Amino acid sequence: MKNSFPQKILVLIMMLISFNSFACDCECDGDCSFSVIAQDNEFVALVKVIDYSSYLDRQILGYDKKMPLSMTVEIIKKYKGAESRQQITIWGDNGAQCRPYLSEFEIGECYLIAPAKITQDSKIGVKNDYDFFSCSTDYLHVDLQNGLAFGKYSKAKNEVRLTTFESELKK
């Protein structure tokens with residue numbers, strides 16, 4: 001049986017690709033757009049990213065800077081929830097969670113968020129802080145000056161006026 005060098009290379013490449021695959025292999029059942037997630041989640045707010053609070057202690061393939069692990073956001077407007085703090089911490093992915101990497105968020109930018117509350121302390125979150133879930137749309141980028149939010153707002157809309165969002169959330 002002939003064992004060719006190109007076959008070995010192909011097998012090696014396939015193995016390397018599979019090792020670098022995303023740790024969260026999920027599918028969304030139903031409509032996981034922001035409008036639905038915001039209706040279902042307990043806490044919904046308009047926030048501004050203040051800073052990255054902590055960083056991963058290792059590099060992430062394809063990202064040449066230090067990867068933020070947590071970020072501090074200032075609550076500009078609370079739409080739902082019992083949160084009383086003016087600033088909260090949101091935790092991101094460490095490479096093995098089903099969370100987005102926080103490098104997707106820019107310091108000084110605003111976002112509509114519908115995060116989940118963390119229920120216990122761990123290396124990847126502190127009780128009563130928050131996190132996002134990669135398999136649903138639980139945040140949208142906001143252009144505050146024009147009053148628009150961008151991202152998967154609904155199955156049919158990738159942007160929404162903040163005033164429209166507010167009136168739909170109250171329904």
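The values are calculated or read from the model by the stated rules, or taken from the named source; none is laboratory data. Since the model is a prediction, treat every value here as computed from it, not as a measurement. Virtual Cβ from ideal backbone geometry, glycine too; neighbours counted across all protein chains shown. Each accessible area value is taken on the protein alone, full model and side chains, heavy atoms only, with ligands, DNA and RNA left out. Shrake-Rupley method; radii C 1.70, N 1.55, O 1.52, S 1.80 Å.
Side notes on the structure shown:
- Residues (of a type in the set (A, V, I, L, M) and at pLDDT below 90) located in the stretch 3-55: Ile9, Leu10, Val11, Leu12, Ile13, Met14, Met15, Leu16, Ile17, Ala23
- Here is the figure for the stretch 80-97: residues that are of a type outside the set (S, T, N, Q), surrounded by fewer than 18 Cβ atoms within 10 Å (Cβ to Cβ) and either more than 18 Å from the chain's Cα centre (by Cα) or at pLDDT 95 or above (or both) total 5.
- Selection from the stretch 132-150 of residues that are part of a strand (DSSP E or B) and small (Gly, Ala, Ser): Ala149
- Out of Lys127, Lys117, Lys155, one residue alone is modelled with pLDDT of 95 or more, more than 18 Å from Val49 (Cα to Cα) and not aliphatic (A, V, I, L, M). It is Lys127.
- Near pairs, Cβ below 8 angstrom, 6+ apart or cross-chain, from the stretch 117-131 (part of a loop (DSSP other than H, G, I, E, B)) to any residue that is basic (Lys, Arg): Ile118/Lys127; Thr119/Lys127; Gln120/Lys127; Asp121/Lys127; Asn128/Lys117; Asp129/Lys117
- Of all residues making up the stretch 132-143, the number that are open to solvent by 30 Å² or more (accessible area, probe 1.4 Å) and free of Cβ contacts under 8 Å to residues at least 60 places away in the same chain: 3
- Considering the conditions (1) open to solvent by less than 20 Å² (accessible area, probe 1.4 Å); (2) within 18 Å of Ile37 (Cβ to Cβ), Ser70 is excluded by exactly one of them, (2).
Let's see how each residue does on (1) closer than 19 Å to Gln39 by Cα; (2) within 11 Å of the chain's Cα centre (by Cα); (3) of a type in the set (A, V, I, L, M, F, W, C); (4) open to solvent by 40 Å² or more (accessible area, probe 1.4 Å):
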| residue | (1), (2), (3), (4) |
| --- | --- |
| Tyr52 | no, no, no, yes |
| Asp57 | no, no, no, yes |
| Ile60 | no, no, yes, no |
| Lys65 | no, no, no, yes |
| Gln120 | no, no, no, yes |
| Ala149 | yes, no, yes, no |
| Leu162 | yes, no, yes, no |
